[in-house]
Amino acid sequence: MQSMAWPQLIGADPVMGEAPGNTALESRFERIFAQFSEPIFNYVLRMVGDGDRAADITQDTFIKAYRKLDTLADDASTRSWIYRIATNTAIDDMRRRRYVTPMGDDERHNRRPDPRPGPEAQVLDASIDERIQRALGRLRPNHRQCLVLSDVEDMSATQIGEVMGMSHGAVRTLLCRARGEMRRELLQEGIGS
Amino acid sequence: MRPFDSHPDELISASLTGDLTDLERRELEAHLSSCPECRDTLEAFSQQRQMLAGMRQSPLPRDLAARVRTGIESRRFAMPWYRRPSGWLTGVASVATVAVAALLTVVFLNGRGNPTAQASASPSPSPTVSAAASASPSPVPTAAPLPLNMQAGDLLYVQLTGPIDDPKLTVIEAQSAAKVGLANPGTGQYSETKRAALSPDGRALAFATETGAKGSWRIVVASLANGATKQLAETWPVAFGRRIAWSPDGRYLAFTVASVEANGTSDVWLYDRTSGSARQLTHAGNAYFASWAPQNAGNEQLWVSLGEANPVSQLAQFPTAAGIPSDDPLAGEATTVAGVFAPLVSRDGQHALYWTGTMSHDGTNGWIFSKGGMPQLTPMDGNWKATPLFSDLTVGQGGEAFASGELSWADDSDTYAVWGANWAGTPEGNDYPDSNGVYVGRVSNGQLSRTSAPDLGTMTASSGDALYLVDVALSPDGSTAAVTLGIPLPGDLATPKSYLRAVTVNGDHPPADVGGGANPQQWSGPGVFVPASVGG
């Protein structure tokens, strides 16, 4: 997975100073950021459908992750841990937005597809992705979440359960419903059968 | 097996990720064999999963690392836009962000090791750093950013990964490792990719991928912005029918479609990016796409060669703005040159590499040379005065020489390569000319010889099998060749693997494996270099 380097500050950190243990903390966080920043950003982007919002949520996710780093028991569970933080942060954001801006950006996801896409638009423009994203945006948040974790992030039902706090069986059922809902929404976008 | 009370959608859904017990799998298989509705559901869910997996991956916003760092230091979370006062951008936080960005600029001035490296040096579109951008009066709108962080001279390559029954294609930018997954057009699985051509604007990649056991190739065009793909044709990869190239303005893609049944017909097809459609251009039955020539007075010009005992080449022309002509442009008064086959015109239009000799038809390879096949170089002055590319290869007494081979130009219009030699004559020494050799020369530097082949590095896989040459691409300045080297498959169901090796033509650096490393577990290649026209 493409990684992004964590920026090193030049000289002493003015806020955290040279506290013992910070070097190890920084180093661990640096690895997590390098490995997961881009996947998390794309995951959140699928969830909220807007680049600026996704950037804000990703930013908050990693700030929270930094502060909660001592709760991460072992490196093997890092993936589900960071996705769980991102998921909760995204859901919080969606809840706040629904309260603050009921007719905000989400409205555009309810538009019907342009009935006149040109052939080039279908092939070389973003139209297919846009239509898939529009369909995703109309799913219930938990359906969208488990579908993205499964089919975009390629997580198993067990891993999805760790992220969403659900049992394996519940994830299977939820995923099936999500696929059915997504199938109907894709049809609305003129995709699939 | 117990019958299901209703359609087992949950099992169908779970089967996509292999999340079934053995019993469930057997029950589902039994049910699917007798339930067309559930087969439809399986198909729809599979396509859905494939589409979602193929969605474009967006690069991380360039300022995000700095924003996180600033947030950690200031103990401040990102403020959503709907809670952000209008004057916030001019506040302390943005100053801190700009300060961190400035520091990062210093840190990353050493080079562009990753996308972040360039990030802080340029204004970002994000709200936070737009404060920095607004400090400079630069209201000039900019074009959409290039996909994959590409810059002129960068190497891109196609990578095939995943199990044999669920292969995935990804295009990767070698310098930054930025990548985009390609959707499958849905008419068959992806397999080894054999040829690729990047559009002059850097936004579309055309490629040819094997269809698997059948041996035919699918020609596919992909958007590098979002990974959307469209299959243009299926073709039999006859010897001289493997070239795919974009017109100089990037509107059209040309390629040869030979009948998949290998019964001998071949014709030139064009894809028009503006209309989004592909159409057969020639109707000769023995036509091959050779190369594009520079545009002339609003006309596209492409060389088409006709396979015959004494081959000819014709210059097809049609108005650029009119789309793919419905009439065969060879049917009119096209410029025709006898004795010239598959001319490959340099980017500046000043020279051409081409083949001479007597041809015959072969059911598998199409038209190939049966006597005297030799690659030549000529200035494009209309005289077609041939200079043999090789100084130390001669036609045998019985006419034994090349049956076929591949030719490539670098964008510098000086450097060229001959590779994939199918030499039918007596070898002129050990393995010379070598079918796995790449012979690189320069117009400005005389003919090729056995010493013109740069060292490609080890030609043996860890399994002990000899590697085989698949494709060669020259960098725009002619200094480097990206060489795709296949590893023989131990069986039909094995995952295809290859090396993509960067080779410096003058041997300045040892050959370096790109992507898969020294022991690749996937198929990497072909490589394509980003032309100077990108971003221009």
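Brief remarks on what is shown
- Cα gyration tensor shape for region B:363-515, rounded if a/c is under 1.5, else prolate or oblate: oblate
- Taking all protein chains as shown and a probe of 1.4 angstrom, A:Glu162 keeps an accessible surface of around 90 Å².
- Carbon and sulfur %, accessible surface of region B:336-408 computed with the full protein complex present, 1.4 Å: 47
- Within 10 Å of each Cβ in A:144-152, the average number of Cβ atoms from other chains: 3
- Shielding by partners, peptide B:35-43 (average Cβ within 10 angstrom, other chains): 1
- Positive contributions from Lys and Arg (+1) and negative ones from Asp and Glu (-1), summed over other residues with Cβ under 12 Å from the Cβ of B:Gly202, come out at -2.
- B:Met380 accessible area, 1.4 Å probe, all protein chains in place, Å² to nearest 10: 60
- Which of A:His143, B:His283 is most accessible, then next, and so on - probe 1.4 Å: B:His283, A:His143
- Burial order of peptide ranges B:311-317, B:440-446 (average beta-carbon count within 10 Å, highest first): B:311-317, B:440-446
- Accessible area of B:Asp434 (1.4 Å probe, protein heavy atoms only, ligands and nucleic acids ignored): about 50 Å².
- Between the listed residues A:Leu136, A:His168, A:Thr158, the Cα displaced farthest toward the positive end of the dipole of region A:131-176, a dipole computed from Cβ unit charges relative to the Cα centre, is found at A:Leu136.
- Whether region A:125-193 is rounded, prolate or oblate, judged on the alpha carbon gyration tensor where a/c under 1.5 counts as rounded: prolate
- Ranked order, B:His509, A:His168 - accessible area, probe 1.4 Å, largest first: B:His509, A:His168
- Computed on protein heavy atoms with a 1.4 Å probe, the accessible areas place B:Arg450, A:Arg46 in the order B:Arg450, A:Arg46, largest first.
- Cα centroid separation - region A:44-69 against region B:143-173, whole Å: 25
- Karplus 3J(HN,Hα) series, Hz, for region A:49-57 with 6.51 cos²θ - 1.76 cosθ + 1.60 (x for Gly, Pro): x, 9, x, 5, 5, 4, 5, 4, 5
- Cα gyration tensor, region B:460-536 - rounded (a/c under 1.5), prolate or oblate: prolate
- Our summary of shape: the Cα atoms of region B:321-377 have principal axis extents of 40, 31, 20 Å, ordered from largest down, in whole angstrom.
- Per residue of peptide A:133-143, the mean number of Cβ atoms on other chains within 10 Å of the residue Cβ is 1.
The values are calculated or read from the model by the stated rules, or taken from the named source; none is laboratory data. If you're wondering where the values come from, they're calculated on a predicted model, not measured in any experiment. So basically every Cβ, Gly included, is an ideal-geometry build from the backbone, and we count neighbours across all protein chains shown. Keep in mind that these areas ignore ligands, DNA and RNA; they rest on the heavy atoms of the full protein, side chains included. Shrake-Rupley method; radii C 1.70, N 1.55, O 1.52, S 1.80 Å.
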